[in-house]
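Visitor: Starting off with a structure, shown below.
Bear in mind that the values in this text are calculations on the coordinates, not laboratory data. The structure presented is a predicted model; accordingly, all values stated were derived computationally and were not measured. FYI the Cβ positions are ideal-geometry reconstructions off the backbone, even for glycines, and counts take in every protein chain you see.
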Amino acid sequence: MRILDISVGIDEKLPVWPGDPQPALSWVGRMTSGDIAYISAMSMGAHTGTHIDAPLHFLEDADSLDHIALSALIGEAQVLEVPEDVTLITADVLSAGEQIHCERVLLKTRNSRFWEGEGARFRQDFTALDVSAAEYLVQRGVRLVGIDYLSIAPYEDPAPTHTLLLQAKVVILECVNLSEAAAGRYQLVCLPMKLTGREAAPARAVLISDEMRVAI
């Protein structure tokens, strides 16, 4: 059995969406300073690093994070590889690719390379879904969709894609690193922090496979 961590590590160099707070981590207790233990403090936004979006993120009076069914976050998932030259994922792009077999879909794009080396620099040119792609996934009964950068939607117009998915109660998993995940089926375990009444939370996400699939 292979367990692949697709979460992005959180540190103070991690890129965040413009306007979101930069993560800040500090030591409030150190054994080297005579304290009885090491104790950390942190401050960051709910959309920091690997995280999920709940309907409340873009919909007034909608479900918050703690109302998302765990069954949507755990189960069979399919990694779909998007061609390198695609910067906007449309319904035509998805229909031309591998057939969708799972309720949970993770889109591996050129974005995963952004986490290598210069990951600290926010990029506006990331690959994202347009509304037609979101509708395509909803029509196929997808319950969770993930992507390998900070937003499922284009930088210039993030609301329409988010709104369509969240209205259909599709969980959005953002900011995963799929560079080591080959296309195929896995078991996904994605557990966000249980923040009550909030629209998002950081999560630890892993893919589990009985096969030793390695991305080439």
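Visitor: Can you run down the residue pairs with Cβ atoms below 8 Å, 6 or more apart or on separate chains, where the first is in region 31-48 and over 19 Å from residue 195 (Cα atoms) and the partner is surrounded by 12 or more Cβ atoms within 10 Å (Cβ to Cβ) and among the small types (Gly, Ala, Ser)?
Guide: If the second residue must be surrounded by 12 or more Cβ atoms within 10 Å (Cβ to Cβ) and among the small types (Gly, Ala, Ser), the pairs left are 35/29; 36/29; 37/29; 38/29; 39/29.
Visitor: Continuing with this model, one more query. Can you tell me which of (1) crowded, with 20+ Cβ neighbours inside 10 Å; (2) out of contact with any helix residue (DSSP H, G or I) (no Cβ under 9 Å at 6 or more places or on another chain); (3) farther than 18 Å from residue 104 by Cβ; (4) among the hydrophobic types (A, V, I, L, M, F, W, C) is the one residue 207 doesn't meet?
Guide: (3)
Visitor: Continuing with this model, one more query. Residue by residue through region 60-94, note down the ones that are in a loop (DSSP other than H, G, I, E, B), acidic (Asp, Glu) and within 15 Å of residue 173 (Cβ to Cβ).
Guide: Initially, region 60-94 is screened for residues in a loop (DSSP other than H, G, I, E, B), giving 60-64, 68-69, 82-87, 90.
From what is left, the residues that are acidic (Asp, Glu) are 60-61, 63, 84-85.
Listed by number, the list is empty, since nothing qualifies.
Visitor: A further question on this structure: For region 1-43, which strands (runs of 3 or more DSSP E) that fit wholly inside it have 2 or more residues that are over 28 Å from residue 184 (Cβ atoms) and either among the hydrophobic types (A, V, I, L, M, F, W, C) or in contact with a helix residue (DSSP H, G or I) (Cβ under 7 Å, 6 or more places away or on another chain) (or both)?
Guide: Details: elements: 2-5, 24-29, 39-43.
In region 1-43, the matching strands (runs of 3 or more DSSP E) lie at 24-29, 39-43.
Visitor: If you go through region 50-71, how many residues are acidic (Asp, Glu) and without any contact (Cβ under 8 Å) to a residue 24 or more places away in the chain? Explain how you work it out, then say what you get.
Guide: As a first pass, look at region 50-71 and keep what is acidic (Asp, Glu): 53, 60-61, 63, 66.
Okay, now just the ones that are also without any contact (Cβ under 8 Å) to a residue 24 or more places away in the chain, so 60-61.
The total comes to 2.
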